[in-house]
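This report refers to the structure that appears directly beneath it.
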Amino acid sequence: MSSSVPTTIPDFRLTPTIDQVGVEERAARFRTRSIKKEAKVAGLKLALSMIDLTTLEGQDTENKVRQLCYKARHLHDAYDGLPTVAAVCVYPSLVRVAKQALGDSGIRVASVATAFPSGQAPMPVKLDDTRFAVAEGADEVDMVISRGRFHQGEYNYVYDEIAAVKAACGEARLKVILETGELGTLDSVRRASEIAMHAGADFIKTSTGKIKPAATMPVTLVMLEAIRDFYFQTGKMVGMKPAGGISAAKPALHYLVMLKETLGNAWMNNHWFRFGASRLANDVLMQLVKQQTGRYQSSDYFSKD
Amino acid sequence: MSRIPVLKTYKIYIGGKFPRTESGRFYQPEDAKGNSLGNLCRSSRKDLRNAVVAARAAFPGWSSRPAFNRGQILYRIAEVLEGRTDQFVAELVAQGSTAKAATKEVELSVDRLVYYAGWCDKYQQVFSAVNPVASNHFNFSIYEPMGVVAIVAPEESSLVGLISTLAPALAGGNVVVLLASQSKPLCSITLAEVLQTSDVPGGVVNVLTGFDSELLPHFAGHMDINAVIYGRQGADQIEALQRGAAENVKRVSLLGDRNWLEAEAHDPYLILNTQEVKTTWHPIEKVGGSASGY
C-alpha cells in the first residue's frame with residue numbers, strides 16, 4: 001500500500017496469510033523469559049490493573065454482581081498499594097447494578113451486547129441491545145461478530161455490522177469479540193482482526209469465554225501483529241483483550257512479555273490492554289502475597305468473588 | 001561383545017506424570033560400599049508447589065469417591081506391588097538390605113496395604129459417634145479427610161515405612177505429597193510406577209525425591225498443605241516444622257519413633273491423624289401427619 005492512510009475499505013480477501021508454525025514457535029519463545037523479584041511484582045500488579053473482572057452466567061443475580069463489584073474495589077485489603085481491576089464485565093440487564101455498586105471508584109463498567117455469546121440475532125435487535133447497555137451506563141461494549149456470515153465470506157456484512165454497532169455505542173469504547181475458537185484458522189483470525197479494526201473497533205478481543213479453545217498465545221500474537229500493522233498503516237492505536245482460559249499468574253506475565261515485544265510500551269496499560277478473566281485475579285493475588293511473605297498461598301485465604 | 005547396561009533414571013511423580021525436577025538438578029545416593037545407586041531428582045520448592053497444585057486439584061474427586069471404591073483401589077495397589085516383588089527386593093538389596101529381610105519387607109508392605117484397604121469403608125462407622133445432647137437433636141460426630149497431606153517418609157524404612165505412613169492418609173480420602181527417603185529413594189519411585197498403574201487417579205499421590213534440609217521449611221510453610229506426617233527423627237527439624245506449621249495451623253503428626261517392620265505396626269488410629277471431626281446437629285421433629293416422630 002503506497003499511501004499511509006487508506007481512503008477506501010480494503011479488500012479483505014487479500015489479508016496476509018499466517019505462518020502457523022512460525023507463530024507457534026514465536027509464541028513459545030515468550031514463555032521462556034525469566035521474570036523474577038521486583039520485575040515480577042511490577043508485572044503482577046500491572047496484570048491486576050488490566051483485568052476485566054467478568055461474570056457472564058445465566059444465573060447471575062443482582063447481588064452476585066454487587067459482590068463482584070465489591071471484589072473489584074477491594075481485591076485484597078490486607079495487601080497495601082494494590083491497584084484495582086480495570087473494569088467489571090456483565091450482561092446489559094445488570095449494567096445499572098454494577099454502575100451503582102462501583103460508584104466513583106474509577107472502575108469502568110463493560111457490558112456484552114449484540115446477542116452475546118452467539119450473535120445469532122437480527123441486526124435491529126443487536127443495535128437495540130447495544131443502545132440499551134450504553135443507556136444503562138456502560139462505559140465499554142463487548143460485541144460479538146457474526147461468525148456464520150464471516151465463514152460464508154460475507155465480509156462486508158461483518159464490516160457493516162461492526163460499524164453500525166460502533167455508531168450505536170456513542171461515547172462508549174467498543175471491543176469486538178472475534179471468537180477465535182470458532183474461526184478455525186489463524187488466517188481467519190488475521191482477516192477478522194482487520195475487518196474489525198477498519199470498521200472502527202477500539203479493542204479486538206479473542207473470545208466470549210463460552211467456547212474452547214478461548215485465548216491462546218498464538219492467536220493473541222496474530223491479533224497483536226494485526227494491531228501493529230494497522231497502526232503502521234493508519235497511525236491509529238487499537239487495544240487488545242485476550243479473554244477466557246487465562247487463569248494463572250504466570251501465563252498472564254507471558255502475555256505481557258508478548259505485548260511488550262510486539263507492540264511496545266505504549267500499549268502496556270489498561271487503556272490498551274485487558275485480560276478478560278474471572279479467576280486470574282485470585283492467582284495473581286496469591287503470587288503477590290507469596291512474594292511478600294515467602295509462603296506459598298492457599299485459595300482458602302482469598303475471597304472467591 | 002559385552003552389553004552396556006541401560007541405567008534407569010528415577011524421575012519424580014507429579015499429577016500422574018513423571019517429570020524431571022524443574023530445577024534440572026540431581027543427586028547420587030550411595031550404598032554402603034560407596035557405589036552410586038543412580039541419578040535421582042533433587043527436587044526444588046517449585047516442584048513441591050506444583051505437586052501441591054496437582055494434589056489440591058485431585059482432592060475433590062478422591063475424597064468424594066465411595067469409601068468402598070477407595071478400598072478397592074488400595075487393594076489394587078497391593079496386587080500390582082505383589083506382582084513386582086522381585087524388582088522391589090532387588091532395589092532394597094541395592095540399598096543395603098539382605099535378600100531375606102528385603103523379601104519380608106515387601107511382603108509386609110503388601111499386607112499393610114490390604115489391611116488399610118479393609119479399613120477404608122469401616123473407620124467412619126467405627127470411630128464416628130452419636131452424641132447424647134440435652135435438646136431435641138440428633139448430634140453426630142463424623143470423620144472427614146483434611147485435604148492435602150504432606151508426608152516426610154521414614155529415612156531408613158524406605159518401603160514398608162513409606163507405605164505405612166501413606167496408606168492411612170489415602171484410606172481416609174486425603175491426597176498426598178510425599179518426600180521419599182533421601183539416602184534410600186529407589187523404592188519410592190518404583191512405587192509411584194505401581195500407583196500410576198493401579199487405578200489411583202493422577203495427583204492423589206505425588207512423590208518427590210531430594211534433600212529434606214532444603215524442602216522441609218516449604219513443607220512446613222505452605223499454606224495449602226493441611227497436615228504433615230513426619231516419619232523421621234531430629235529435634236531441630238521437628239521444632240522448625242512445628243513452628244512453620246503454626247502459621248496455618250497444620251496438624252503435625254510425629255511418627256519417627258515407630259518400628260514399621262513389626263507385623264503389628266499397623267494401626268487404624270493412624271487414619272485419624274489426617275481426619276477432622278465434623279459435628280452436626282439435626283433437629284428431631286414431628287413430620288406433619290406422621291406419628292413416629294422418628
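The table that follows gives values for the structure above.
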| item | result |
| --- | --- |
| Members of segment A:33-73 that are buried (at least 21 other Cβ atoms within 10 Å of the Cβ) and of a type in the set (A, V, I, L, M) | A:L44, A:A47, A:L48, A:M50, A:I51, A:L53, A:V65, A:L68, A:A72 |
| Hey, A:A248 aliphatic (A, V, I, L, M), farther than 25 Å from A:A113 by Cα and open to solvent by 20 Å² or more (accessible area, probe 1.4 Å) or not | yes |
| Residues that are of a type outside the set (V, I, T), at pLDDT 95 or above and part of a helix (DSSP H, G or I), drawn from segment A:6-35 | A:Q20, A:G22, A:E24, A:E25, A:R26, A:A27, A:A28, A:R29, A:F30 |
| Members of segment A:273-305 found to be away from chain B (no Cβ under 14 Å) and touching a residue at least 40 places away in the same chain (Cβ under 8 Å), listed by number | A:F273, A:R274, A:F275, A:G276, A:A277, A:S278, A:L280, A:A281, A:V284, A:S303, A:D305 |
| Residue ID - least open to solvent (accessible area, probe 1.4 Å), chosen from residues in segment B:2-29 that are aliphatic (A, V, I, L, M) and in a loop (DSSP other than H, G, I, E, B) | B:I12 |
| Selection status of A:M237, touching a Leu at 6+ places or on another chain (Cβ under 7 Å), open to solvent by 10 Å² or more (accessible area, probe 1.4 Å), away from chain B (no Cβ under 14 Å) and at pLDDT 95 or above | no |
| Evaluation of B:A58 against (1) away from chain A (no Cβ under 14 Å); (2) open to solvent by 60 Å² or more (accessible area, probe 1.4 Å) (one fails), failing number | (2) |
| Qualifying positions in segment B:212-238 - more than 18 Å from the chain's Cα centre (by Cα), within 24 Å of B:P19 (Cβ to Cβ) and of a type outside the set (D, E, K, R) | B:S213, B:P217, B:G221, B:M223 |
| Output for segment A:268-305, where each listed residue is within 13 Å of A:V85 (Cα to Cα) and either assigned to a helix (DSSP H, G or I) or among the basic types (K, R) (or both) | A:R274, A:R279, A:L280, A:A281, A:N282, A:V284, A:L285 |
| Residue, farthest from the other protein chains (Cβ to nearest Cβ), within segment B:25-55, restricted to residues that are under 26 Å from B:V175 (Cα atoms) and in contact with a Pro (Cβ under 9 Å, 6 or more places away or on another chain) | B:L40 |
| When residues of segment B:200-241 are limited to those that are of a type in the set (S, T, N, Q) and open to solvent by 10 Å² or more (accessible area, probe 1.4 Å), the one nearest to the other protein chains (Cβ to nearest Cβ) | B:N226 |
| Residue match in segment B:5-20 (condition: at pLDDT 95 or above, under 30 Å from A:S34 (Cα atoms) and within 14 Å of chain A (Cβ to nearest Cβ)) | no |
| Selected residue (criterion: farthest from A:I51 (Cα to Cα)) from residues of segment A:108-125 that are open to solvent by 10 Å² or more (accessible area, probe 1.4 Å) and in a loop (DSSP other than H, G, I, E, B) | A:P122 |
| Meets criteria (over 18 Å from A:R29 (Cβ atoms), of a type outside the set (A, V, I, L, M) and buried (at least 24 other Cβ atoms within 10 Å of the Cβ)) for A:G200 | no |
| Segment A:182-206 residues that are free of Cβ contacts under 8 Å to residues at least 60 places away in the same chain and farther than 17 Å from A:F232 by Cβ, paired with ones that are open to solvent by 30 Å² or more (accessible area, probe 1.4 Å) and acidic (D, E) (beta carbon under 9 Å, 6 or more apart) | A:A199/A:D160 |
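Here is a yes/no grid of residues against (1) touching a Ser or Thr at 6+ places or on another chain (Cβ under 7 Å); (2) crowded, with 21+ Cβ neighbours inside 10 Å:
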| position | (1), (2) |
| --- | --- |
| B:W62 | no, yes |
| B:A78 | no, yes |
| B:E91 | yes, yes |
| B:Q95 | yes, yes |
| B:R112 | yes, yes |
| B:Q125 | no, no |
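Table: residues versus (1) outside any loop (DSSP other than H, G, I, E, B); (2) touching a Phe, Trp or Tyr at 6+ places or on another chain (Cβ under 9 Å); (3) hydrophobic (A, V, I, L, M, F, W, C).
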| residue | (1), (2), (3) |
| --- | --- |
| A:L221 | yes, yes, yes |
| A:A226 | yes, no, yes |
| A:F232 | yes, no, yes |
| A:K236 | no, yes, no |
| A:M240 | yes, yes, yes |
| A:I246 | no, yes, yes |
| A:P251 | yes, no, no |
| A:M258 | yes, yes, yes |
| A:A266 | yes, yes, yes |
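The values are calculated or read from the model by the stated rules, or taken from the named source; none is laboratory data. If you're wondering where the values come from, they're calculated on a predicted model, not measured in any experiment. As a convention, Cβ positions derive from the backbone with ideal geometry for all residues, glycine included, and neighbour counts pool all protein chains shown. Just so you know, the surface numbers come from the protein's heavy atoms only, side chains and all, with ligands and any DNA or RNA stripped out. Shrake-Rupley method; radii C 1.70, N 1.55, O 1.52, S 1.80 Å.
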